[in-house]
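Here is the structure we will look at, set down as structure tokens.
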Amino acid sequence: MAAEISTAQTSSAAVDVIVMVLRRLFFSAVGLGILFALWWFGGWLLESNPATMSFADFGPFPTIDAVPYMVQSGTLLDASQASGYRLGIGLLLAIVTGIPVGILMGRSKVFRKLSNTPFQFLRMVSPLSWEPIAVIAMPTWDQAIIFLISMAAVWPVAFATAAGLAKLDRAWFKVARNLGASWWDILKEIILPAIAFDVMTGIRLALGVAWIVIVPAEFLGITSGLGYTIQDSRENLMYGDLAVTILAIGIIGFLMDGICLALIKRFSWHRN
Amino acid sequence: MSRSGVQISVQDLTHRYSSRGPVTFDQVNLESKPGEVLAIIGRSGCGKSTLLHIMAGLLAPTSGSIRLNNIEVKEPSPKWVMMFQAPHLFPWMQVSQNVGIGLKFANFAEDKIRERVEKTIKLVDLEEFAESNVQDLSGGQQQRVALARSLVMEPEMLLLDEPFSALDAFTRASLQKDVRSIAKSMGINLVIVTHSIDEAVLMADRAVIMAGSPGKIKEEIMVELPEERTAQDPEVQKIRGHLMETFRQASTATH
Amino acid sequence: MIDKAQESEGFAKTWLIDRIAFPVIGFAILIGLWAIGGWFLEINPATSSFVKFGLVPTLKAVPGLVESGYVAEHVIASGYRLAIGLFLAILIGVPIGIAIGLSKITEQVTNEPFQLLRMVSPLSWMPIVVFVFPKWDQAIIFLIAVAAIWPVIYATAAGLKKVDPAWFKVSKNLGASFHKMLAQVIFPAIAFDIFTGIRLALGVAWVVLVPAELLGVSSGLGYAIKDARETLAYDHLTAMVVVIGIIGFTLDTIVGVLVKKYSWQKDV
């Protein structure tokens, strides 16, 4: 009897979960459907007006038609790899400099007070205004773009790390020392898990800014990457290819952001 | 566990927070025999909490020393651990991970950690919460986790800095009883700092009164009572009255 | 009395140190590093053509740029685009955020499309918007708005989620009309979050503004950067970078003050 009841309960719980997932999928499908319909409507407007007919390739169906070419020719993959490489290195540099700087800001009052104004100032220099300087200072365009990405992405990482450290309960260190923790133990078992959530939140913000910066940074000087593909398709009037690239940028960004969000959830221990 | 605790000797301990600052306490001498439960009673500000931090090796004395069986306490060690007023659990760890963290610091093997954690969690009556998030536990349960986290190290001396003051009366009573009996069964010396005379009578074998500024040990009273103690017991009431009177005299004499 | 006077004197002293001395010293270090960088450019023959990036040439260039109205002209052009773009983002973003915060269905329906659109790097819309809009100015304003709207939407929605439903009950109970409830309960409750969103939006808009002005227009801070580079006026270039930093810093500080003013949560 008891076993029957409990299987009945678990199966009804399973049904609940399935219903919830289906509901979620349904609403997502409706939302994406509306987006697609709006896109289609926009395309139709372009097509029906003689003045804009030449831009009709921005519509959803010409775009879908352009997908096989963009994929098979490798254009999309090459562009994504080139951009991904620059983004990856740029973010990595931002993280490896941002976290230590953030720890320094969080741990040393003097450093925090001294660095706050200059850092806020540097943060608010729009990253692309460094471009001419970066191009001159760096031997290759690739490195200049990576520099611009790092310059934009380092601040969210550093400030989020410092904010995470500021929230640490000092008593945790006392407890850990009391139980015989070494300096390394405290870093590994206390500080890192305690601030992982905040650091990850900073990395997500950093990714968002880096993703904004990378496209205009790739408009100039180079012949690879998603920004270049945008520029190139525009110049060749290949509006279908252009729309495919925009869509790819959205999807790749969406996936990366989703991964960051999942990691943030994974590292979150806060109760609200 | 057939240990019987350690001889604690505090010799001429003096402390000031800065070289020009006032003396927190002056020339404190204390002895506690193996397995004893010692209560230090005092008003807030008499330096009793500072004394406990020094005994745990978390603060350095200005002069004097603390020895456990002739080993001097100079830094924190799992052999002499302290429980604080708040549990200060690590919120990103489950109950069992919190309890096992000290063993992890000491590089114990995984299975050894699991075995000792399981045993200790059972000892403090938290078996059903072993995998819980510590933020879901009540204040009393959290303080039990903190107790287990200290006990799992099998310390020789456990220092308690008013660890039950934030709990409700029922929870406090059951923890007072359990901590004493666990310490007795494991052969651990307990040193409890408290401002509650009831707590001292219910838990201690001996109570010392600390008062004045700079703080000094004023009086010492043996609490000779059976293991089963309740607040209503006439014997308990009698010692409580005696302790209360002595405490009043000791603290008024200096003011 | 004496204690109080001493206390306020001590307070004034720490305020002076924290708010004036530390920032000034910090900034001086930054400027010192710049001067050292300029000096390195000068002593190395290979980089001597870039000497104008240094501190001294830049400082020398500033008065001329300011007096001729060059700085003001481009600051006004950019400021206009930024203001209209942000205004549109707030005007559209706040109602959408309220709809998402109040209705679970709106939240679920908009989630994927909005996240997808949000993660389309704003500048990739550039080729499309330049022919949709008759003027470049409008195209730039659109790019700013499209970048800035997401932080406003999501901060507003997050703010509404934190609103205690009991407040609605209490205020209804006290006889508040819908309009009163909006003005007296909902807005004060979420103002902090909206301003936090606006601060983030400003940051993103500021990032987008400069590259958006690199093409097509002949005014604005982005154009001024490009112009200085093309004419090899490196001292003008660095001067404009400094101007961009100062304006961004000032705007961010103003919004930061507003965020603090509207904060009612104790731990923030």
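The values are calculated or read from the model by the stated rules, or taken from the named source; none is laboratory data. Computed from a predicted model, the values in this text were never measured in an experiment. Using ideal geometry, Cβ is built from the backbone for each residue, glycine included, and neighbour counts are taken over all protein chains shown.
Points to keep in mind about this one:
- Residues located in the stretch B:203-255, provided they are over 19 Å from B:VAL37 (Cα atoms), charged (D, E, K, R) and buried (at least 18 other Cβ atoms within 10 Å of the Cβ): B:LYS216
- Checked against (1) away from chain C (no Cβ under 14 Å); (2) out of contact with any Ser or Thr (no Cβ under 9 Å at 6 or more places or on another chain), A:ILE99 passes all but condition (2).
- Boolean, C:LEU221 is closer than 28 Å to C:ILE76 by Cα and touching a residue at least 24 places away in the same chain (Cβ under 8 Å): yes
- Taking the criterion of being surrounded by fewer than 22 Cβ atoms within 10 Å (Cβ to Cβ), in contact (Cβ under 8 Å) with a residue 40 or more places away in the chain and under 30 Å from A:LEU187 (Cβ atoms), the residues of the stretch A:52-98 that qualify are A:ILE89, A:LEU93, A:ILE95, A:THR97.
- Checked against (1) part of a helix (DSSP H, G or I); (2) β-branched (Val, Ile, Thr); (3) surrounded by fewer than 24 Cβ atoms within 10 Å (Cβ to Cβ), C:ILE198 passes all but a single condition, namely (3).
- Cross-chain or 6+ apart pairs with Cβ under 7 Å, the stretch C:50-69 first and over 15 Å from C:ALA233 (Cβ atoms) and modelled with pLDDT under 85, then in a loop (DSSP other than H, G, I, E, B) and among the basic types (Lys, Arg): none
- Restricting the stretch B:69-97 to residues that are more than 10 Å from every other protein chain (Cβ to nearest Cβ) and within 28 Å of B:GLU118 (Cβ to Cβ), the residue that is surrounded by the most Cβ atoms within 10 Å (Cβ to Cβ): B:VAL95
- All positions within the stretch C:167-220 that are of a type in the set (Val, Ile, Thr) and within 30 Å of C:ASP137 (Cβ to Cβ): C:ILE194, C:THR196, C:ILE198, C:VAL204, C:VAL207, C:VAL208, C:VAL210, C:VAL217
- Candidate set: the stretch A:233-265, residues that are charged (D, E, K, R) and surrounded by fewer than 18 Cβ atoms within 10 Å (Cβ to Cβ); chosen: the one farthest from the other protein chains (Cβ to nearest Cβ): A:LYS265
- Options A:ALA79, A:ALA66; residue that is part of a helix (DSSP H, G or I), aliphatic (A, V, I, L, M) and touching a Leu at 6+ places or on another chain (Cβ under 7 Å): A:ALA79
- The helices (runs of 4 or more DSSP H) found wholly in the stretch C:39-155 and carrying at least 2 residues that are buried (at least 23 other Cβ atoms within 10 Å of the Cβ), more than 11 Å from chain A (Cβ to nearest Cβ) and within 25 Å of the chain's Cα centre (by Cα) occupy C:70-102.
- Residues (in a helix (DSSP H, G or I) and of a type in the set (D, E, K, R)) located in the stretch C:209-268: C:LYS226, C:ASP227, C:ARG229, C:GLU230, C:ASP235, C:ASP252, C:LYS260, C:LYS261
- Test for B:LEU160: is it closer than 21 Å to B:VAL95 by Cβ, touching a residue at least 12 places away in the same chain (Cβ under 8 Å), out of contact with any Phe, Trp or Tyr (no Cβ under 8 Å at 6 or more places or on another chain) and not aromatic (Phe, Trp, Tyr): yes
- One residue alone among B:LEU52, B:LEU58, B:LEU38, B:LEU68 is free of Cβ contacts under 8 Å to residues at least 40 places away in the same chain and either assigned by TED's automatic domain parsing to the domain that holds B:MET244 or on the phi > 0 side of the Ramachandran plot (or both), and that residue is B:LEU58.
- Scanning the stretch A:207-227 for residues that are over 22 Å from A:PRO156 (Cβ atoms) and either among the basic types (Lys, Arg) or not in a loop (DSSP other than H, G, I, E, B) (or both) yields a total of 0.
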